[in-house]
1. Nothing charged except the Cβ atoms of Lys and Arg (+1) and of Asp and Glu (-1): what's the magnitude of the dipole of the stretch B:411-479 about its Cα centre? Round to the nearest 20 debye.
2. Take B:K785, B:K533, A:K276 and sort them by solvent-accessible surface of the protein heavy atoms, 1.4 Å probe, largest at the top.
3. Please list, or write none, the lysines whose alpha carbon is within less than 28 Å of the alpha carbon of B:K155, excluding same-chain residues fewer than 8 places away.
4. Would you please name the GluC sites (Glu not before Pro) within the stretch A:55-108 that are DSSP coil residues with at most 10 other C-beta atoms within 10 Å of their C-beta?
5. Round to the nearest 10 and give me the degree value, 0 to 90, for the angle of helix B:789-804's Cα axis relative to the longest principal axis of chain B.
6. Let me know the mean shielding of A:255-263 by other chains, meaning the per-residue number of their Cβ atoms within 10 Å of its Cβ.
7. Sort B:H655, A:H239 by heavy-atom solvent-accessible area, probe 1.4 angstrom, most to least.
8. Using a cut-off of 30 Å between alpha-carbon atoms, which lysines can reach A:K74, once sequence neighbours fewer than 8 places away in the same chain are excluded?
Amino acid sequence: MSDHTALLAQAQEQVQASDSLDALKGIEREYLGKEGRLAELLAQIPTLPQDERPTAGREANRLKQAIVEAVEVKRAELAEAGIAAERSGDGFDPTLPPPRTERGSLHPITQVTRELEDLFQSMGYSVLDGPEVELDYYNFEALNVPADHPARDSHDTFFCEGDGHLLMRTHTSPSQIRAMESFEPPFRVIAPGKCFRHETTDASHDHTFHQMEGLVVDREISVAHLIGAMKTLLRGIFHRDLEIRLRPGFFPFVEPGFELDARCPFCENGCSVCKKTTWIELLPCGLVHPNVLRAGGLDPEEWGGFAFGLGLSRLVMLRHDIDDVRHLLANDVRFLEQF
Amino acid sequence: MLISYRWLQRHVDLSGISPEQLCNDLTLSTAEVEGLEPFAPQLTDVVVGHVVTREKHPDADSLSVCRVDVQGEQTTESDLLTIVCGAPNVEAGQKVAVATVGTVLPGDFKIKKSKIRGVASFGMICSARELGIGEDHDGIWVLPDSAPVGQTVAKALEIDDSVIEIDNKSLTHRPDLWGHRGIAGEVAAIYGRPLKPLSLDWPELGQEAPFPVHIDSTACSRYLALPIDGAVAEPSPAWLQWLLLAVDQRPIDCIVDLSNFVMLDLGQPNHTFDRNVLAPEGIHVRMARSEETLQTLDGEERTLTENDLLICTGEKPVALAGIMGGESSKVGDDTRSLLLEVASFDAVTVRRTSAHLSLRTDSSTRFEKSLSPTLPDQAAAYFARLLSELQPNVRFPSPTTDLGDWQDPAFTLALRPERVRADLGAKIPDSEIISILERLGFEISHEGDSLKVSVPSARATKDIRIERDLIEEVGRIHRYDSIAEENMLASVKPPPHDERRLLVRAIQDALAGGARFNETVGYTFIDDALLEKLAMQDLPHVQIQNPVIQAETHVRRTVIPNLLGALETNRRLHEEIRLFEVGKGYLPEKTNERGEPTELHLAGLVWASPPPLAKASFNENRFSQLHGVVHTLLNQLKVKDFVWRSAASVPSWAHPAKALEAVCDPEGEVLAVVAPLDPGLNAGLGLDGDLSSDVAIAEISLDALLAAPHRASHYQAVPKYPGIKVDVAISLAEDTSAQSVEEVIQQAAKAQLAGVELFDVYRGENLGEGRKSLAYHVLLQSENKTLSDKDEQKFLRRFEKMIEGIGGELRKG
């Protein structure tokens, strides 16, 4: 009997002293396992005299019960202590940096183009695509710039080898004629894309750049409508109202033609972007020249329209404070991954 | 073009209008003013001094010690400045330009008190060159005696001026604005002030026989010749020199200066010949003969073509019409007898010649704008009158020769005031419309509801053609910034569904998103050297005739060269590079009926990293991974039933044996090509050695994708019963394809097959020579029940038997 008491006391002491679930499991095995001490005890029972056996069995079971209970209590205690230890956050360094998660990126020209496409589409404009290698007819002839017109000089054209009819488009304006050929009036269309000018490259000029043409054809279109549409457009781009002014600008495919200046959105009293004038030259625009409407198969007495051109490369540079246009097409990953 | 504010005042009263105001108003009504600078600001910093005494420097023969009065009235002896001067021409009594201590001269040259050979000097007596207003450095600049001492030189000489720079591009369409008189006309119209009359009366002309001229080309519509005798090539008077200096023209001598003045005032170029070198038969205007040569005034020998117009005397060319005179007939210092030429040359002819000779002059710039043929006699009379005023001894021995087949371009146009208001969207009354046009020199009469507008000759050559041109005239003087905005009254329809643009966006989003690629935008021109590195130099390319960079003559066929070029630049900085571009390529070998090359709309991808480790698993290479990216993309784009196969035609950049292509229809367009970079190209691209790389490339055709059949987007029921995953490994002959194994799996699994995934490729001695092992996860599933071990066993038994049919052996254990 006293053997049992001692065994229990020993077990309880060991259970109490165990400091981990693993240790506890070891103790459990030692006493309660298949070949544990209790099993030993139980194995002795059949060797006892017949009449002692029931009592011995009961005693052994009671002993086992007591050990099981002690183990369970301890196990609960240890589990709780374990959670408490986890929750204490010991050794946690809140300044440890997060691991780098790689991501892809959309080119800033794509981002600005999309933004404008979405803006214009919400105002009922379709988006038109046009070829970069263009026919002289669309780039000049149909736009009221016949051969030998002095305006061709300012276009600094890249010509393609061949019979002289192919060139790299110098602006997105060829899309005006292409739009008139493919849409029934009235319509509104924008045409973003790459353009080319034969110029020496520097921080503010690249021979390849992006523009977006806009064209509205409808009945009874006036300069006042053009002003209204441009103000709406600038509100969409800069997210606020900007004062604008139109002044004469010469583009053979519009008459009258304008340069649109907006109050510099970056300063109040003059800054480097506006060259201290508080105005920035934002976009050329004008009423579509009757000859251009005719080239597009429309009767200028019945239909009118206005057109405008947005410098996408320039908008991207303004948007992100990019000081050198050559970054845009250099495809340096260190540049691309910033967007 | 430069315009002098003071010069403008010869033609219109500018009182009360500051140069700044004028520039602003010109910008808003006429043409863009690019700059406004004070003329010779240094002349407002130097003052008129009076040299009271001049003595020789005690220690230097070439130096003078002057006592100079720079205060004027009430100067005392002690106020005089001592200035040491090195000029040979300095004399007592002269009025001179003095830079006092503290003045800064051009070149950031600050005048300081100094000691010159022991004598203290308090300033500098300046030469014209030191003041940046001339070349004369032989001595100091002596001012007229009338100059008031102590005043700034600019004020004393009445040459305070502002120089306005107008953007030439904004004058392309205005031949009439290439002179001060023309700009003054705009100013007069803007402010409603009268234009001062210009005296164009001829001086007395003699009665000798007119100078003989023969015009032999339609490119010269008018030729006016005026012989001049007794002209002297002396310096021009100060007023003329100052005006020329203000617009950056170097004064030469009276004759050259007047010629320039007339051009810069009226906009009509003109030329003077030495009449002594002209043949007795006079002037012959004709087209040049091929390979004919002429030495122009700038000393260059010019080789001409049949399209260049020449001024000749006898057979000998003496000028390139409308562009530049010839060296041989140049007016020299001793020339007394001249011939003045004022002519009308065809704009296109002048423009072409000027372009092919790369010779642009003030004259050609004006002629190519289409000047009015009514101008020559005005300009000639102006020149003759001014010359006879400057040199009263000049004689004009004969009347002008004035020939040519010209017609006054003036014409009339109908203008509907209603249309003016409708087009501008502004309620401008008839009276204002009429007033504006009249101020601009148009004459108006009424004709029913519309106006009859006479277009003056100077505006009628090109600029004003149609009613809309007149509407612009009204609009710009009325001022566009005074027109109020108005909203368009139009129904807004949703734009048509734009498949292509949606496809571009879907591709960009998928690649920049989940696939983690950086989007690039590349140049359309490809460097010749890069094409060579990619073995693409022999493919047909659209070629540029006049590249900016000599080696960039090729228009790209595909976006791949840009991406591989970008690898070259980025490889040193990044281990892992994933780039894509959606862009255009052009094929000159296939053109449409209008001669346009075929345009390809493409997406290109490149994925590069260091080579995989030896123990990397079979699909840990960029080719497999890029294949996966493109495969997933095609699935995401819902392309229906596409399959991969060995590429039928391998692009030059692709590994010749490993290129794969995706097609929907075996006979149809290729949707995409994926391949490792041809290993032969690595070294050329700098991707060997330390930068040795595992590079995979893909090219996707957007045109083929748009044409391909697409899956309808139907949802599939989520399986009711769980499936079982069975792994099989098969030992096979090396040349047995994975596809044939998968076909067997399909047959063995029958309808229960829910998924197959290759997860290992193994080669080892235990398999035997020429054999490999492929291992698959096979997912079996039924719609009716949960599958059991028995089903798995059945499948395996069938599979084991069937795989033997292709020489395979199911590996166990």
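The values are calculated or read from the model by the stated rules, or taken from the named source; none is laboratory data. Because the structure is predicted, anything quoted here is derived from the model rather than measured. Backbone-built Cβ (ideal geometry, glycine too); neighbour counts: all protein chains shown. The protein model used for the area step is the full one, side chains on, heavy atoms only, and it has no ligands, DNA or RNA in it. Shrake-Rupley method; radii C 1.70, N 1.55, O 1.52, S 1.80 Å.
1. 220 debye
2. Reading off the accessible areas and sorting them downward yields A:K276, B:K785, B:K533.
3. In chain and number order, the partners are B:K95, B:K110, B:K112, B:K113, B:K196.
4. A:E102
5. Taking Cα atoms only, the helix is inclined about 80 degrees.
6. 4
7. If we order B:H655, A:H239 from most to least accessible, we get A:H239, B:H655.
8. Those lysines meeting the cut-off are A:K25, A:K34, A:K64.
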